[in-house]
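Reading through the structure tokens given below for one structure.
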Amino acid sequence: MFSSKKDVSQEQALDMSRIPAHIAIIMDGNGRWAQKRHLPRVAGHKQGMQTVKTVTMAASDLGVKVLSLYAFSTENWKRPSSEVNYLMQLPIRFFSTFVPDLVKHNVRVMVMGDTTRLPEATQKAVNDAIKDTADCDGMVLNFALNYGSRDEITRAVKQIASEVQDGQLDPANITEQTISDHLMSAPLGELADPDLLIRTSGEERISNFMLWQIGYSELEFVDEHWPDFDGDSLKRAIIDFQGRHRRFGGLVNQ
């Protein structure tokens with residue numbers, strides 16, 4: 001099973017020399033968090049935005065190099081229009097209040113996904129945040145907005161096919177790196193593949209998120225809804241990650 005819901009002993013210490021370089025999170029459970037409190041679903045999304053700020057600062061302080069957050073999928077357009085409209089406002093609110101803190105902590109914003117479909121005001125907020133943090137060289141806060149991994153891979157295949165058709169690329173020379181270089185995560189370079197993938201809210205599925213990149217990621221499924229997740233939750237997940245043996249298909253003592 002992929003599940004890793006076991007309790008992490010508080011006596012276990014976090015090894016700061018083995019912090020995962022790239023952590024990806026599927027932020028799930030905002031709606032259920034709200035419903036448990038007899039609140040509208042949008043209240044969960046609002047609280048979830050605060051959690052993004054908390055976890056971003058915690059990850060940066062721990063020395064994480066890339067934090068990828070699944071903010072809005074290509075499938076999320078199927079939700080009620082009122083909820084989608086609210087979700088489209090969240091990046092505007094988030095960046096309008098949080099960019100100064102990101103700059104202060106030397107965090108650079110990156111976005112992957114088809115942002116051209118987002119409302120103009122949302123696009124502007126995203127592009128301004130990217131521009132305003134462009135000189136930061138600390139942690140990369142990588143938002144997946146209107147992102148779906150199958151869409152990403154389909155686009156990559158089309159680009160590669162076009163290069164072959166134009167004579168720029170010999171099919172015999174296509175490698176795994178060729179594909180990686182055509183994905184939306186390519187700007188992350190050697191940090192494109194997450195070391196650790198966390199999904200909140202107890203669900204145990206990937207939901208079309210970074211399917212190529214997580215080929216050898218450690219998967220951590222936690223019961224907490226995203227609004228309840230915090231810096232301590234992140235540390236517990238990392239401690240669990242540090243207790244695993246990543247063999248990448250080989251043997252530990254070969």
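For the stretch 97-118, which residues satisfy the criterion of being outside any helix (DSSP H, G or I) and surrounded by fewer than 14 Cβ atoms within 10 Å (Cβ to Cβ)? First the steps, then the outcome.
Within the stretch 97-118, the first condition is being outside any helix (DSSP H, G or I), and the residues that meet it are 105-114, 118.
Across the stretch 97-118, the qualifying residue is only 106.
Residue by residue through the stretch 164-197, note down the ones that are within 18 Å of residue 151 (Cα to Cα), surrounded by fewer than 19 Cβ atoms within 10 Å (Cβ to Cβ) and in contact with a strand residue (DSSP E or B) (Cβ under 8 Å, 6 or more places away or on another chain).
The one that is within 18 Å of residue 151 (Cα to Cα), surrounded by fewer than 19 Cβ atoms within 10 Å (Cβ to Cβ) and in contact with a strand residue (DSSP E or B) (Cβ under 8 Å, 6 or more places away or on another chain): 187.
Over 19 Å from the mean Cα position of the chain (by Cα), on the phi < 0 side of the Ramachandran plot, at pLDDT 95 or above and surrounded by fewer than 15 Cβ atoms within 10 Å (Cβ to Cβ) - does that describe any residue in the stretch 135-147?
yes
Residue 65 - would you say it is of a type outside the set (A, V, I, L, M) and farther than 24 Å from residue 215 by Cα? Don't jump to the end; show me each part of the working.
On the way: of a type outside the set (A, V, I, L, M): yes; farther than 24 Å from residue 215 by Cα: no.
No; evaluated as a whole, the condition is false for this residue.
Identify the single condition in (1) within 26 Å of residue 233 (Cβ to Cβ); (2) free of Cβ contacts under 8 Å to residues at least 60 places away in the same chain that residue 84 does not satisfy, given that it satisfies every other one.
Here residue 84 meets the rest and fails (1).
Just to be sure, is residue 86 at pLDDT below 95, closer than 26 Å to residue 208 by Cβ and not hydrophobic (A, V, I, L, M, F, W, C)? Break it down into steps so the answer makes sense when it comes.
Numbers: at pLDDT below 95: yes; closer than 26 Å to residue 208 by Cβ: yes; not hydrophobic (A, V, I, L, M, F, W, C): yes.
Judged against the criteria, residue 86 is a match.
Taking interchain pairs and intrachain pairs at least six residues apart, which have beta carbon atoms under 8 angstrom, with the first residue in the stretch 216-245 and in contact (Cβ under 8 Å) with a residue 24 or more places away in the chain and the second surrounded by fewer than 17 Cβ atoms within 10 Å (Cβ to Cβ) and among the hydroxyl-bearing types (Ser, Thr, Tyr)?
Pairs found: 221/3; 230/54; 231/54.
Report, by residue number, each residue of the stretch 14-33 that is in contact (Cβ under 8 Å) with a residue 40 or more places away in the chain and either among the aliphatic types (A, V, I, L, M) or surrounded by fewer than 14 Cβ atoms within 10 Å (Cβ to Cβ) (or both). Explain how you work it out, then say what you get.
Step one: filter the stretch 14-33 for residues in contact (Cβ under 8 Å) with a residue 40 or more places away in the chain, giving 14-16, 18-30, 32-33.
14, 15, 16, 18, 19, 21, 23, 24, 25, 26, 27, listed by residue number.
Give the residues of the stretch 159-170 that are farther than 20 Å from residue 186 by Cα and either modelled with pLDDT under 95 or not small (Gly, Ala, Ser) (or both), sorted by residue number. Spell out how you get there, then give the answer.
First pass over the stretch 159-170, keeping only residues farther than 20 Å from residue 186 by Cα: 165-167, 170.
Within the stretch 159-170, 165, 166, 170 qualify.
Just to be sure I understand the filter: pairs with C-beta atoms under 9 Å, separated by 6 or more residues or on different chains, first member in the stretch 186-199 and in contact (Cβ under 8 Å) with a residue 12 or more places away in the chain and in a helix (DSSP H, G or I), second member surrounded by fewer than 19 Cβ atoms within 10 Å (Cβ to Cβ) and aromatic (Phe, Trp, Tyr). Which pairs pass?
So the pair list comes out empty.
Among the residues of the stretch 63-81, is there at least one that is farther than 23 Å from residue 132 by Cα and under 14 Å from the mean Cα position of the chain (by Cα)? I'd like the intermediate steps shown before the answer.
Within the stretch 63-81, the subset farther than 23 Å from residue 132 by Cα is 73-81.
If we keep only those that are under 14 Å from the mean Cα position of the chain (by Cα) as well, we get 73.
Yes, that holds for at least one residue.
So for the stretch 149-163 (the condition being under 29 Å from residue 228 (Cβ atoms) and either crowded, with 16+ Cβ neighbours inside 10 Å or more than 16 Å from the chain's Cα centre (by Cα) (or both)), does at least one residue qualify?
Of the residues in the stretch 149-163, the ones under 29 Å from residue 228 (Cβ atoms) are 149.
Filter once more, keeping what is either crowded, with 16+ Cβ neighbours inside 10 Å or more than 16 Å from the chain's Cα centre (by Cα) (or both): 149.
Checked the stretch 149-163: at least one residue is under 29 Å from residue 228 (Cβ atoms) and either crowded, with 16+ Cβ neighbours inside 10 Å or more than 16 Å from the chain's Cα centre (by Cα) (or both).
Taking the condition of being closer than 17 Å to residue 56 by Cβ and either without any contact (Cβ under 8 Å) to a residue 60 or more places away in the chain or assigned to a helix (DSSP H, G or I) (or both), how many residues in the stretch 200-215 meet it? Explain how you work it out, then say what you get.
Step one: filter the stretch 200-215 for residues closer than 17 Å to residue 56 by Cβ, giving 200.
If we keep only those that are either without any contact (Cβ under 8 Å) to a residue 60 or more places away in the chain or assigned to a helix (DSSP H, G or I) (or both) as well, we get none.
Count: 0.
Checking residue 120 against (1) of a type in the set (Asp, Glu); (2) farther than 21 Å from residue 188 by Cβ; (3) touching a residue at least 40 places away in the same chain (Cβ under 8 Å): exactly one of these is not met. Which one?
So the condition that residue 120 fails would be (3).
Scan 42, 8, 103 and give me the residue that is among the aliphatic types (A, V, I, L, M), farther than 19 Å from residue 234 by Cα and modelled with pLDDT under 95. Break it down into steps so the answer makes sense when it comes.
On the way: 8 fails: farther than 19 Å from residue 234 by Cα; 103 fails: modelled with pLDDT under 95.
Being among the aliphatic types (A, V, I, L, M), farther than 19 Å from residue 234 by Cα and modelled with pLDDT under 95 holds for just one of 42, 8, 103, which is 42.
Quick one: which residue in 142, 127, 146 is in contact with a strand residue (DSSP E or B) (Cβ under 9 Å, 6 or more places away or on another chain), of a type outside the set (Asp, Glu) and in a helix (DSSP H, G or I)? Even if it seems obvious, please write down each step before you answer.
Values: 142 fails: in a helix (DSSP H, G or I); 146 fails: in a helix (DSSP H, G or I).
Of the residues listed, the single one that is in contact with a strand residue (DSSP E or B) (Cβ under 9 Å, 6 or more places away or on another chain), of a type outside the set (Asp, Glu) and in a helix (DSSP H, G or I) is 127.
The values are calculated or read from the model by the stated rules, or taken from the named source; none is laboratory data. Worth saying up front: this structure is predicted, and the values here are computed from it rather than measured. Note that each Cβ is placed from the backbone with ideal geometry, even for glycine, and that neighbours are counted across all protein chains shown.
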